[in-house]
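To keep things clear, I will list the structure first and then write my remarks on it.
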Protein chains: 2
Amino acid sequence: MATFVMQSLGCEVAALNTVQFSNHLGYGQAKGTRATAQEITDLYQGLKDSYLDDFQMMLSGYLPGAASVEAVGTIGRDLKYKATMKPGSFFWVLDPVMGDNGKLYVAEDVVPAYKGLVKDADLILPNQFEAETLSGVKIVDMDSLKEAITTLHGKYRIPHILITSIAFPTHGATPSLSVVGSTFTTGAKPRIFGIKIPAIDCFFSGTGDMFAALMLVRFREAVTNVPGLMATAAWVSGDEVEATELPLAKATEKVLASMHEVLTKTKESRDAELERYSKQVGGRDAMSDEKKLRLVKSKAAEVRLVRNLKALKDPDVKFRAETV
Amino acid sequence: MATFVMQSLGCEVAALNTVQFSNHLGYGQAKGTRATAQEITDLYQGLKDSYLDDFQMMLSGYLPGAASVEAVGTIGRDLKYKATMKPGSFFWVLDPVMGDNGKLYVAEDVVPAYKGLVKDADLILPNQFEAETLSGVKIVDMDSLKEAITTLHGKYRIPHILITSIAFPTHGATPSLSVVGSTFTTGAKPRIFGIKIPAIDCFFSGTGDMFAALMLVRFREAVTNVPGLMATAAWVSGDEVEATELPLAKATEKVLASMHEVLTKTKESRDAELERYSKQVGGRDAMSDEKKLRLVKSKAAEVRLVRNLKALKDPDVKFRAETV
């Protein structure tokens, strides 16, 4: 997912597959293998051996254990160190994949491993649960959200934060989904913006990777649009820039527009496919085969990417960043 | 290479990586791992377990040993068997990667393993050396070329053959490069066409995979343009269709147009990059570091794909199929 998104937007990608599975885990079952930390380290060494390590950006996603988190951290730090004399020439996007909806889905030792990485990354993309885990602040309302972001900026000196899904407990009202981001000021103070998006009533897999890949491309693009910013350490905008005018905010608007278009089309195709399936099996036993139905539903909800390149490349921006 | 080409032309791809290397072998060195035959078999089983094996086409490329060739053969046969009652609903493109320029670069037991597969595939894409190895006919002129193709159609009952690079020994004249193909008739007689292309004076890696992926997409497209053909076993055109009017010929024209555009642009970028490198290192020792220069040259010649999507999607067809 991430590789194709970046490639289709014009990036040359060196993809290091941390797993090779038959399918994503939304199916509830899969076969395949995980790369060991040693394999990850070896592949990077292979790139270095042939002068193929001149990366401008790095994105990491799901990693199968603490050792591989450490291995990726070593790569990120090595690339960052090489870029010391050229501020802004390397940018590290870290998606600290640990869990969701109040639950860890990685081993417990992955948490401290990620905590060790966040202070060296440039942009992190935690979901609400991961932001809580990293900051130690339970997010229940606007105030605790601000506290979590302030803590992350302060504790880890992480310049850019984007919390990819915030859903506050609501009383009666329709639940709304928000993406909330911040780029710190020179005093490590947050500049917080938020974008509200209509929720699509369907579970999709891989959208985190799609979001991360789009962010990498669009953030770089937004930074390029500001003269001189790309040659600044970690691409941090001057203190005079308002939250909603941050390149991070502009990038997020574009990313969410692409996501919304692709997922709306996916939902339509999924509904049509399930309708066809239902007609085809009719009242026969296949419909009462719960396991098969679950698998068919997972497949029907696979994100429709390759035929929706226009939505990736040239989305119609509808949701705007607002000051929080 | 193959995955991105197919995806960017609108195909949903389930990619099974048979190796994960830091770089292609044109660099003369690489780190990484090979998938075992068991891993290949397991991944396919994982797809089946979740009803994800409804493929219309299969393309196989480099395989790291006889056991993995067998494993991929088992997958191809299983998919073919499932499609028995629906002629044309599954199509198998086999690139029998064994060697080039008179030399094997796989273990010797890979040769009989591929020979066992060819009789079940629908289209094979050997280079001249691989066509010689499979047919047992040394290709030195038009007559022996025809004999090799006739032998392949007859011996393996393979419906479609495309020999991806033919260079006859020439006496004095500029060497010309040709692609020669054939779709057999009901009597297993060849219908041979050829397309001459100007050679680009540079060694590129991955072009075989690029060619194969483009062929898969363009052949399917050309078959779709002929009413009823897609519901015919192995998409074999009626005997009345001339060689140059075959969907295989039409597809090859389009594929070669894309290849030529992308590689011409790659050559330009490569020359500019080497020029920059030469100026940068000047007379300094780096230029006399032969190993580094070789690696830099390999990198400079990497095929420029992601920024040349127009050449893939909408190429300008210049080279036409001719009767041989």
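Some points to look at:
- Residue match in region A:71-91 (condition: without any contact (Cβ under 8 Å) to a residue 40 or more places away in the chain, in contact with a Gly (Cβ under 8 Å, 6 or more places away or on another chain) and at negative phi): no
- Listed by first and then second residue, the pairs linking a residue in region A:108-127 that is in a loop (DSSP other than H, G, I, E, B) to a residue that is of a type in the set (S, T, N, Q), with Cβ atoms under 9 Å apart and 6 or more places separating them unless they lie on different chains, are A:Ala121/A:Ser60; A:Leu125/A:Thr164; A:Pro126/A:Thr133; A:Pro126/A:Ser135; A:Pro126/A:Thr164; A:Asn127/A:Asn101; A:Asn127/A:Thr164; A:Asn127/A:Ser165.
- Residue match in region B:271-294 (condition: touching a residue at least 40 places away in the same chain (Cβ under 8 Å) and buried (at least 17 other Cβ atoms within 10 Å of the Cβ)): no
- Considering the conditions (1) within 7 Å of another protein chain (Cβ to nearest Cβ); (2) surrounded by fewer than 18 Cβ atoms within 10 Å (Cβ to Cβ), A:Asn23 is excluded by exactly one of them, (2).
- Within the span defined as region B:198-219, one or more residues are closer than 20 Å to B:Lys318 by Cα, hydrophobic (A, V, I, L, M, F, W, C) and surrounded by fewer than 17 Cβ atoms within 10 Å (Cβ to Cβ).
- Within region A:47-69, considering residues that are crowded, with 19+ Cβ neighbours inside 10 Å and part of a helix (DSSP H, G or I), the one nearest to the other protein chains (Cβ to nearest Cβ): A:Leu47
- Residue-level analysis places A:Pro96 among those that are in contact with a strand residue (DSSP E or B) (Cβ under 9 Å, 6 or more places away or on another chain) and either more than 14 Å from chain B (Cβ to nearest Cβ) or closer than 26 Å to A:Thr224 by Cβ (or both).
- Any hit, region B:5-17, residues being at the interface with another protein chain (Cβ under 7 Å from one of its Cβ atoms), part of a helix (DSSP H, G or I) and surrounded by 18 or more Cβ atoms within 10 Å (Cβ to Cβ): yes
- Residue within region A:248-270 that is in a helix (DSSP H, G or I), hydroxyl-bearing (Ser, Thr, Tyr), touching a residue at least 12 places away in the same chain (Cβ under 8 Å) and within 14 Å of chain B (Cβ to nearest Cβ) present: yes
- A single entry from A:Glu39, A:Glu12 fulfils the requirement of being in contact with a strand residue (DSSP E or B) (Cβ under 7 Å, 6 or more places away or on another chain) and of a type in the set (Asp, Glu): A:Glu39.
- Considering residues of region A:29-44 that are at the interface with chain B (Cβ under 7 Å from one of its Cβ atoms) and under 17 Å from B:Asn17 (Cβ atoms) only, the residue surrounded by the fewest Cβ atoms within 10 Å (Cβ to Cβ): A:Gly32
Read-outs throughout are calculated quantities, based only on the coordinates presented, and are distinct from any laboratory measurement. All of these numbers come straight from a predicted model, not from anything done at the bench. Because the Cβ atoms are built from the backbone with ideal geometry, glycine has one as well, and the counts that use them run over all protein chains shown.
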